[in-house]
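Everything on this sheet refers to the single structure shown next.
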Amino acid sequence: MNLLSYIIINIVETLLRMMPLPTRTGIIKMGHPGKDSPVLLTGNYHLTITRVKRALKGMDAYLLVANSRGINVWCASAGGHFNNHGVISALKTSGIEKLVNHHNVILPQLAATGVETRAIQSKTGWKVIWGPVYARDIPEFLRNGLKKTPQMREVSFPGTARLEMAIAWAFPISLIAVLIALLFWRQSTPYLAALVWGMALLMFLAFPLYGRWLTAKGKRIGFVFFDFGRGGFQLILWGTVLVGLIIYSLAADQFSGGFILRWGFASLVVIIVLSMDLAGSTPVFHSSLSEDRLLKVYLDKTKCQGASFCEQVCPQNCYQVNQEKHTATMPRAEQCIRCGACIVQCPFDALYFKNPQGEVIPPESIRKFKLNLLGKRLVKPGD
Amino acid sequence: MSTYVLMKILESTASRYDRGIRLLTLGRLDRAYECLASPIKKGQKVLDIGCGTAAAKGATIKGIDVNPEMLEVARRRAEAASFGPEIEFVEMGVAELGSEPPESYDVVMSGLCFSELTTDELAYTLKEINRILKPGGLLLAADEVRPGNPLKWIIHYLIRIPLVVITYIITQTTTQAVKDLPQKVRAAGLVIKSLNPNKLEDFIELVAQKPERK
């Protein structure tokens, strides 16, 4: 694939980022793979496959595409769409077993929330190796003898990713805004669309400016700004927009109460819609719509044997494993985003969630819930 | 009709699935199931793939499904219909059929499940069904298929696209009708006994048999 089509695919699919875009499942040969070539498995979201293929250019490997219902790896695995059954299915029904003489499969690290290593190994005999978070790190990961640096394990929210999320939200929301405007407020249509795009870009690109105050501490985990009920963040934004509107109307010498009222109302609606789940649109916070964000991970030191699965799968590098003493610690516990990957993967059941009421949610409930949920968002102690 | 898409909506809230599907299909799916299960005789061993909700009585049934919530519904429904220990439910995908012993089932049935599988999975499943069926054993399937007739194909998609959009909004999943199901069944070595399409040719009931040993 040449650069131009790669860029076009990225632009179009970023606009449609909120829709699933499934591609064919099965084996894709990269270069000229042989019996010893590595096998990498990922979900069947078209943009994922496009990017992984580009990252693997010039290498000899098998890329195994499993059914994640056309959804990206992290969302699909947290939502129960990319699960054990999909991975087992890809390994058993694609014919990969006849093509290689090893049983090691590299999975994207972010699938660890929904795919359990133990289940895959016991049902297929294949050993799961957790690869890097981002496809761009795959070549170095393979060259390093399947070792990940801490950077390769951590999700980040750089400018490009923020721009991507801004576009992903702005496009569908501006479409809806335009449709509504065409019916009720025709002359303002282009301005309304511009307002949606402007606010989306402002909110996501300015994330580093306000993101630092949003550490996950205390019972309400610092979601003051994001929390819809309190609306501090939204009020500050709205206030800024209102001041801008007044300055503009005064400068343009057409100050009128009706103008401020109409656009003040429109911008309030746009801000509320865009910030509904701003936290969940970033990879560094848990969705603020789910009460899961109030859970806390605990480490049972008596059970821990330092297997370091937690360290391998944590997208926030919360864990540190002492290889000599065979113990894990959580020096960066405050960074936790409650994805549950560590709990799902721990072979000794040494990790568990506790809810704000102090009730323990054991690993088996979390596995059941994380690995196969459909439409269910909160796990309770009795589940 | 696009029963499957509607089913997908309901599946996201599995506990409401049963009542909802009966309402939406006006009992049609129940009849399809009953009709599908009618060749099953007392004492036979049956595998129900993607069981959702079980049907046949008097036989020994193993129901498999990848969705534990759907299995729970099937289990409750079996209890309500006073099924005994002759029915068991296992959370298992079609890729694990390899662990079933060869020639161990009289009947394999599947309702609205093939359309949920990928091309590789369907080919693998049909091959495995042929392996685990006893000689002379039956495959009973009812599923959404892609109509061969271009006009019907267009009508099918006109009905289907809005439903797909609604399903996506509610469940964030999409589904696909099976292409060339009878050909694929034949390719797996089974002999088609009867094909019963609806008027739009987008839903068929299919009976296929594993040939007797010569």
Considering only residues of segment B:54-82 that are touching a Lys or Arg at 6+ places or on another chain (Cβ under 7 Å) and in a loop (DSSP other than H, G, I, E, B), which is farthest from the other protein chains (Cβ to nearest Cβ)? B:Gly58
For segment B:93-116, how many residues are in contact (Cβ under 8 Å) with a residue 60 or more places away in the chain, within 14 Å of chain A (Cβ to nearest Cβ) and among the hydrophobic types (A, V, I, L, M, F, W, C)? 2
Out of segment B:180-211, which residues are surrounded by fewer than 14 Cβ atoms within 10 Å (Cβ to Cβ) and of a type outside the set (A, V, I, L, M, F, W, C)? B:Asp180, B:Gln183, B:Lys193, B:Ser194, B:Asn196, B:Lys199, B:Pro211
Quick check on segment B:65-79. Is at least one of its residues small (Gly, Ala, Ser), at pLDDT below 75 and farther than 21 Å from B:Ile129 by Cα? no
Top-ranked residue of segment A:44-73 - restricted to ones that are more than 24 Å from B:Asp65 (Cβ to Cβ) and in a loop (DSSP other than H, G, I, E, B), ranked as farthest from the other protein chains (Cβ to nearest Cβ): A:Gly58
Looking at segment B:120-147, which of its residues are in contact (Cβ under 8 Å) with a residue 24 or more places away in the chain and either assigned to a helix (DSSP H, G or I) or within 14 Å of chain A (Cβ to nearest Cβ) (or both)? B:Glu121, B:Leu122, B:Ala123, B:Tyr124, B:Thr125, B:Leu126, B:Lys127, B:Glu128, B:Ile129, B:Asn130, B:Arg131, B:Ile132
Segment A:278-288: number of residues that are closer than 21 Å to A:Ser174 by Cβ and either at pLDDT 85 or above or not in a helix (DSSP H, G or I) (or both): 2
Scanning for something at pLDDT 85 or above, in contact with a helix residue (DSSP H, G or I) (Cβ under 6 Å, 6 or more places away or on another chain) and assigned to a loop (DSSP other than H, G, I, E, B), does segment A:348-358 turn up at least one residue? yes
Among the residues of segment A:74-125, write down those that are under 24 Å from A:Ser287 (Cβ atoms), of a type in the set (A, V, I, L, M) and either in a loop (DSSP other than H, G, I, E, B) or more than 11 Å from chain B (Cβ to nearest Cβ) (or both). A:Ala78, A:Leu107, A:Leu110, A:Ala111, A:Ala112, A:Val115
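For every residue, the table says whether it meets (1) without any contact (Cβ under 8 Å) to a residue 12 or more places away in the chain; (2) surrounded by fewer than 16 Cβ atoms within 10 Å (Cβ to Cβ); (3) among the aromatic types (Phe, Trp, Tyr).
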{"position": "A:Gly257", "(1), (2), (3)": "yes, yes, no"}
{"position": "A:Ser267", "(1), (2), (3)": "no, no, no"}
{"position": "A:Ser287", "(1), (2), (3)": "yes, no, no"}
{"position": "A:Arg293", "(1), (2), (3)": "no, no, no"}
{"position": "A:Cys304", "(1), (2), (3)": "no, no, no"}
{"position": "A:Tyr319", "(1), (2), (3)": "no, no, yes"}
Keeping to segment B:83-92, report how many residues are part of a strand (DSSP E or B), more than 14 Å from chain A (Cβ to nearest Cβ) and not hydrophobic (A, V, I, L, M, F, W, C). 1
Is there a residue being in contact with a Gly (Cβ under 9 Å, 6 or more places away or on another chain), at pLDDT 85 or above and either within 29 Å of A:Arg17 (Cα to Cα) or not in a loop (DSSP other than H, G, I, E, B) (or both) anywhere in segment A:230-239? yes
Mind checking whether some residue in segment A:31-43 is touching a strand residue (DSSP E or B) at 6+ places or on another chain (Cβ under 9 Å), within 14 Å of chain B (Cβ to nearest Cβ) and either in a helix (DSSP H, G or I) or crowded, with 23+ Cβ neighbours inside 10 Å (or both)? yes
Quick check on this structure: which one of A:Ser281, A:Ser249 is more than 28 Å from A:Ala161 (Cα to Cα) and hydroxyl-bearing (Ser, Thr, Tyr)? A:Ser249
A:Val12 vs (1) surrounded by fewer than 17 Cβ atoms within 10 Å (Cβ to Cβ); (2) β-branched (Val, Ile, Thr); (3) within 13 Å of chain B (Cβ to nearest Cβ): all pass except (3)
Considering only residues that are touching a Pro at 6+ places or on another chain (Cβ under 9 Å) and over 16 Å from A:Leu110 (Cα atoms), which ones fall in segment A:25-50? A:Val39, A:His46
Answer from A:Ser174, A:Ser267, A:Ser275, A:Ser188 - the residue that is among the polar types (S, T, N, Q), under 29 Å from A:Trp74 (Cα atoms), at pLDDT 85 or above and outside the structural domain of A:Asn10 (by TED's automatic domain parsing): A:Ser174
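The values are calculated or read from the model by the stated rules, or taken from the named source; none is laboratory data. Remember, it's a predicted structure, so these values are computed and weren't measured experimentally. FYI the Cβ positions are ideal-geometry reconstructions off the backbone, even for glycines, and counts take in every protein chain you see.
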